[in-house]
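The values are calculated or read from the model by the stated rules, or taken from the named source; none is laboratory data. As the structure is a prediction and not an experimental result, all values here were calculated from the model. Backbone-built Cβ (ideal geometry, glycine too); neighbour counts: all protein chains shown. Each accessible area value is taken on the protein alone, full model and side chains, heavy atoms only, with ligands, DNA and RNA left out. Shrake-Rupley method; radii C 1.70, N 1.55, O 1.52, S 1.80 Å.
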Amino acid sequence: MPSDEEALEARIRDLPKVELHQHVDGSIPAEVTWELMRHYRLHPVETLDEMRRRLELQAEEEGSLLAYLDKMHYPLWITQFYENISKVTEAIVDEAAAAGVQTLELRYSPTIHTFAGLTPRQSIRAVLSGMNHASRRHAGLRLGLIVIAMRQHGPHIAKILARQAISEAQHLHARVGVVGFDIAGPERGNPPRLFKSAYDIARLGRLGLTVHAGEDAPVEYVWEAVDRLGAQRIGHGCAAASDPELMRRLARDGIAVECCLSSNYHTGAVRRGDPHPIQRFLEAGVRVAICCDNTAVSRTDQVRESVKAAAQIGMDAVEEVHRTSAGHSFIDPAVALKDADQDL
């Protein structure tokens, strides 16, 4: 007879799950990164186990967002080429499907994949190619891409990326396409308001708007994301839980928070041992989604994240979150152009 933990995991594994916040660079299976590194003779160590230590956050490294982001350093060595980007994306989609994800939004920063000569648009298309190829193997899996502008690259690059994202928007193509726009990277010193022009462009291009805010910066950054950028969703948003007025605003306007439990403990956004603010969000009527952030860096998947959430909010709440968070997805296949042939 299965234990309570095994029964809970089995119940979650069978649950149709929604993933709205998962990065490509931090989610490439370690085996795939290792295979490509060995192919190009770029592997800095001699075994896969040694490589895992460089790709996955270790216990002694927890508590710093910059240390967490540094784990995406090595994959960039091999994701500068169209076919490699497409291949790793397929592997990520396959893993998500195996975990029972039925709605998957991946997010990706094109500019950090252009060092070997790809243009930003080619970089975007490489990910979409992988998503489209993978979609053939996973009938019924809803897929969409969110393009990220990195804060440290500045507002001008963000505007360029917003236009590039629109050129590959789902509603302009008969295939999986770009469905949203985001800013990510080091928060402090790069307030959301500086990126207003880029978000204005993305909004005019009918892209969904999400913002990394309140992960490693004060609550004011979340306010700016809502008031100045018109965010429909907030990535992480941990700082928002300390502001009752902001919580009421998020609840009133139906702005969902993308909660990444493992990642938030790993980066120090939530202190180890403290309850995750997902409980406070739900109690305040704020919509939430349970998200992985970076499956490789955090050694997780949607089943593990949902089990972790169930330990804090209960299984019934987890089931309700996955039911309702599907309604906050930016993916809308109905708006895609109809065509018999998929443009890959």
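Here are some notes:
- Table column - 3J(HN,Hα) (Hz), segment 231-238, Karplus curve with 6.51, -1.76, 1.60, x for Gly and Pro: 4, 8, 9, 10, x, 6, x, 4
- The H on the amide N of G63, modeled in the peptide plane, is under 5 Å from the matching H of T267, G268, each at least 5 residues off or on a different chain.
- Surrounding net charge for E187, when Lys and Arg each add one and Asp and Glu each subtract one, Cβ distance under 10 Å: 0
- Solvent exposure of the chain as accessible area per residue, Å², 1.4 Å probe: 41 Å²
- Solvent-accessible area, 1.4 Å probe, carbon plus sulfur percent, for the chain: 50 percent
- Remark: segment 124-129, residue by residue, has Karplus-estimated 3J(HN,Hα) of 5, 5, 5, 5, 4, 4 Hz, where x stands for each Gly or Pro and the curve is 6.51 cos²θ - 1.76 cosθ + 1.60 at θ = phi - 60°.
- Two-site label geometry, H39 and Q58: point separation in nm, points 7 Å out along Cα→Cβ: 2.8 nm
- For the listed peptides 321-330, 231-240, a ranking on the average number of other beta carbons within 10 Å per residue, highest first, reads 231-240, 321-330.
- Here the 3J(HN,Hα) profile of segment 64-77, calculated from phi with Karplus coefficients 6.51, -1.76 and 1.60 at θ = phi - 60°, is 9, 5, 5, 5, 5, 5, 5, 5, 8, 5, 5, x, 5, 5 Hz, Gly and Pro shown as x.
- Set K159/K308; K17/K71; K196/K308; K17/K159 screened for pairs whose C-alpha atoms are more than 29 Å apart: K159/K308; K196/K308; K17/K159
- Mean Cα-pair separation over length for segment 190-324, i.e. relative contact order, pairs under 8 Å, 6 or more apart, %: 18 percent
- By the helix-only formula, in which each DSSP H run with n ≥ 4 contributes -39500 (n - 2.57) and the sum is divided by residues, the chain has a 222 nm mean residue ellipticity of -12500 deg cm²/dmol.
- Listed candidates [x] 18; [y] 21; [z] 44 - label of the one calculated as percent of Cα pairs over 34 Å apart: [x]
- A straight Cα-to-Cα reach below 15 Å connects K87 with the aspartates and glutamates D25, E31, E35, E95, residues fewer than 8 places away in its own chain not being considered.
- Dipole of segment 47-94, positive end: most advanced residue of Y82, T47, A59 [Cβ charges, Cα centre]: Y82
- Computed over the chain: relative contact order in percent, which uses C-alpha pairs under 8 Å that are six or more apart: 22 percent
- Summarising the amide proton neighbourhood of I183: residues at separation of 5 or more, or on other chains, whose placed amide H is nearer than 5 Å comprise A149, H212.
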